[in-house]
Amino acid sequence: MSNIIKSILKNIFSVTNADASHKLIRLCGIRFRILKPGNKKRIKINYKKYKDITQIPPATGFLRDYQLALLEILKEFDRICTNHNLRYWLSGGTLLGAKRHKGFIPWDDDVDVDMIREDYEKVKVTFNACTTNPDLYCELWRDENAPATCILKIHHKKIKQAFIDIFPHDFYYTKLLGKEKKRVNKKIRRIRKWLSLNPFRIKDTDKLLKKLKHLTLDVINEKIEVDERIQPSIHWGIDFPHRWSNWIYDYSQIFPLKKIEFEGQMFNCPADTDFMLRNIYGDYMKFPKSICPHHTDENSFTDAEKAEIHKLISNKQK
């Protein structure tokens, strides 16, 4: 069978690994990500027997060890950002866990943080120069299954699946209200949907970032210089295809940053945590439809990786 025919058949239908926890199905040019069945079996407890979701106890076993290892990476990230005045805040499921459980959601297996673009562009070099853990490094990650998608991640050299996601946010050039906010929100979402089609076919990641920045400055911000002193609106960076319907926030919903408890430590959070969570999850005190880890495959961790996880956890006691 020729390579051309194989390529055609692959585009019609194929099933591959999207990442450690998901399968990628391609059907007539449309892509679907589905959770691997094994992940749904990792949770042995019927969490829904609890009437109050906040009373669910922390994870146990390997998942808990993995969470605590991620906590140590987050603490190092926080230390470096704090020492170098780089603004970040907990986001996504990590912020939800802090608000609802004062720590990890019992079935969660990743850490999410957000940063303003100005600080986001500095953190890679700063983290790599200042971390005291030689196994940790920050790099720009690009999704091979969605070539117009890239974000920063903190990785661990010896634990393949251990990482922190860092998402960029951008200032708009003015404060957005009412119909104008809705108009710009639709514009940003339309641009991101178009980017998901990978229109530029840019293979070099640095060139892709320049193109995304150009779109933000020239198309979204209409070539108008941003002045943070006027407390402009803030929107998700177009680097990543979030599913949220609202991409825009008021300056006062994020700044000034506050502190929130997470696993006995205090980390940065948005000024209006409740709004940020409702914007993503709606009623975030309800039980979700899917209760299982969504980012790792426990069975693929090697014994050496598990030893490194315990090493990270034990280092906190020294």
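The values are calculated or read from the model by the stated rules, or taken from the named source; none is laboratory data. Since this is a predicted model, take the numbers as computed values, not measurements. Reconstructed Cβ throughout: ideal geometry from the backbone, glycine too, with neighbour counts over all protein chains shown. Only protein heavy atoms, including side chains, enter the accessible area calculation; ligands, DNA and RNA are left aside. Shrake-Rupley method; radii C 1.70, N 1.55, O 1.52, S 1.80 Å.
Its Cα gyration tensor gives the stretch 52-207 an equivalent ellipsoid. The semi-axes, each the square root of 5 times an eigenvalue, are 28, 22, 17 Å from largest down. A convex hull fitted to the Cα coordinates of the stretch 114-198 yields 112 cubic angstrom per residue. Secondary-structure-derived ellipticity at 222 nm for the chain, considering helices only, amounts to -11000 deg cm²/dmol, per-run term -39500 (n - 2.57) for DSSP H runs with n ≥ 4. On the beta carbon distance between K223 and R201, with R0 = 22 Å, the FRET formula returns roughly 0.30. Per residue, the stretch 75-225 exposes an accessible area of 47 Å² to a 1.4 Å probe, with every protein chain left in place. Solvent-free Debye calculation, one equal scatterer per alpha-carbon of the chain: log10 I(q)/I(0) at 0.08, 0.10, 0.14 Å⁻¹ equals -0.39, -0.62, -1.25. Counted over the chain, the DSSP beta bridges are approximately 85% antiparallel. Remark on the stretch 155-267: Rg and Dmax equal 16.4, 49 Å (Cα only). Relative to the current alpha-carbon distance between H84 and Y137, full extension at 0.36 nm per residue lengthens the span by 17.4 nm.
Once Rg and the Kirkwood radius are both taken over the C-alpha atoms of the stretch 215-264, their ratio Rg/Rh works out to 1.06. Here the stretch 67-129 yields Rg over Rh of 0.99, to two decimals, using C-alpha coordinates and the Kirkwood radius.
Please state the equivalent ellipsoid semi-axes for the stretch 243-318: what are the square roots of 5 times the Cα gyration tensor eigenvalues, largest first, in whole Å? They are 32, 20, 11 Å, listed from largest to smallest.
According to the square roots a ≥ b ≥ c of the eigenvalues of the Cα gyration tensor, what is the shape class of the stretch 49-102, taking rounded for a/c under 1.5, prolate for a/b larger than b/c otherwise, and oblate for the remainder? Oblate. Identify which of T296, T54, T132 has the largest mean-square fluctuation in a Gaussian network model of the chain, with springs joining Cα atoms closer than 10 Å. For the chain, modelled as a Gaussian network with Cα springs under 10 Å, the answer is T132.
With the charge dipole of the chain set up from +1 on Lys and Arg Cβ and -1 on Asp and Glu Cβ about the Cα centre, the Cα lying farthest toward the positive end among the listed residues F200, V123, I254 is that of F200.
Shown for the stretch 147-194 is the translational diffusion coefficient from the Stokes-Einstein equation, using the Kirkwood radius over Cα pairs, a temperature of 37 °C and a viscosity of 0.692 mPa s: 238 µm²/s. At full extension, Q55 and K210 could sit 51.2 nm farther apart than now, given 0.36 nm per residue minus the alpha carbon distance. Among E305, E144, E222, the order of accessible area from largest down is E144, E222, E305, computed with a 1.4 Å probe on protein heavy atoms. Principal semi-axes of the equivalent ellipsoid, √(5λ) from the alpha carbon gyration tensor of the stretch 263-304, are 29, 18, 9 Å from largest down.
Placing a pseudo-label 7 Å from each Cα along the Cα-to-Cβ vector at Q231 and R64 gives an inter-label distance of 4.3 nm. Annotation for K153 and A129: the two label points, set 7 Å from Cα along the Cα-Cβ direction, are 2.5 nm apart.
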